[in-house]
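The block underneath contains the structure these notes are about, expressed in structure tokens.
The values are calculated or read from the model by the stated rules, or taken from the named source; none is laboratory data. Note that the structure is a prediction, hence the values are computed from the model and not measured. Every residue, glycine as well, gets a Cβ built from its backbone with ideal geometry; the counts of neighbours run over all protein chains shown. Calculation scope for accessible area: heavy atoms of the full protein, side chains included, ligands and nucleic acids excluded. Shrake-Rupley method; radii C 1.70, N 1.55, O 1.52, S 1.80 Å.
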Amino acid sequence: MTNESKRLLASLLAFGAVLLALACGPGNTNQTQNNSANQTVKETTPAAMSESACDDTDLIAKVKERIETRIGGDNQLKTRVKVEVRKAGGSPGYLEVLVEGKAGGKDELKDLGDIVKDFMKNKCVLKVIFVPQGTLPLNPPNRLVEGFEWVACEWPKQPCPNGECHENCGGSANANVPVNGGSNSNTNSNSNTNPNSNSNGNSSSPSNK
């Protein structure tokens, strides 16, 4: 074997060794980084946000904050949708979310529903009311409102004061209604005792003189 052949063979062997070292090296760096990123995203999913909000002691403020944060992340909804959160049903009660605004296209209403749905569960948000324009902000906050109602309970169950869903909330038909400060008990009991009892003391008998 000539010297030139020996040099060529040595070069090929060295090149092969380099390729082998590259193949066996730490090629999983990107995969490790991707796994770490995916774990971070998983920990901050909407479901995780709603769970932590519903378990917080300052329930009303936290749920409202999280819902508004989610809506604020949507460039379309954030300019046209307002929400309020309030407690209903007594003690311990549950939360109502009042939604006011407009949605357009085939996806915006679904997006809004998906945001609110993450908070709908027992002892958290049990009712969502879509209210007419001009309803929010509420004054007073506990006044009765009308609108399209979406409850978390499976029909025919209803939200009950203990924050759970049952077909019968203990006989109180209005147990799931917020306490209204202005009690609409009509004290005017129609006791219209007409003083004009047809006792015409004014004797209208003409005196023909």
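Compute the signed sum of charges (Lys and Arg +1, Asp and Glu -1) over the other residues within less than 11 Å, Cβ to Cβ, of residue 114. Around residue 114, the surrounding residues sum to -2.
When the charge dipole of the range 87-132 is built from unit charges on Cβ atoms (+1 for Lys and Arg, -1 for Asp and Glu) and taken about the Cα centre, the candidate among 119, 99, 109 whose Cα reaches farthest toward its positive end is 119.
Give, as a single signed number, the net charge of other residues whose beta carbon lies under 14 Å from the beta carbon of residue 170, with Lys and Arg counted +1 and Asp and Glu -1. Don't skip to the answer; put the middle values down first.
Values: positive: 157; negative: 164, 167.
The answer is -1.
Quick check: at a probe of 1.4 Å, how many percent of the accessible area of the range 93-132 sits on carbon and sulfur atoms?
Accessible surface attributable to carbon and sulfur in the range 93-132 totals 55 percent.
Once the 1.4 Å probe is applied to the protein heavy atoms, the range 66-113 comes out at 50 Å² accessible per residue.
Compute the FRET efficiency between residue 121 and residue 168 as 1/(1 + (r/R0)^6), taking r as their Cβ-Cβ distance and R0 = 22 Å, and round to the nearest 0.05. Spell out each step's value before the answer.
Values: r = 21 Å, r/R0 = 0.94.
About 0.60, to the nearest 0.05.
Using the Cβ-Cβ distance between residue 109 and residue 157 with R0 set to 30 Å, the FRET efficiency from 1/(1 + (r/R0)^6) comes to roughly 0.75.
For the range 64-116, which trypsin sites (Lys or Arg not before Pro) are both in a DSSP coil and crowded by at most 12 other Cβ atoms within 10 Å? All intermediate terms of the calculation are to be shown ahead of the outcome.
Numbers: sites: 64, 66, 70, 78, 80, 82, 86, 87, 102, 106, 110; in loops: 80, 102, 106.
For trypsin sites (Lys or Arg not before Pro) across the range 64-116 that sit outside H, G, I, E and B with at most 12 neighbouring Cβ atoms in 10 Å, the list reads 102, 106.
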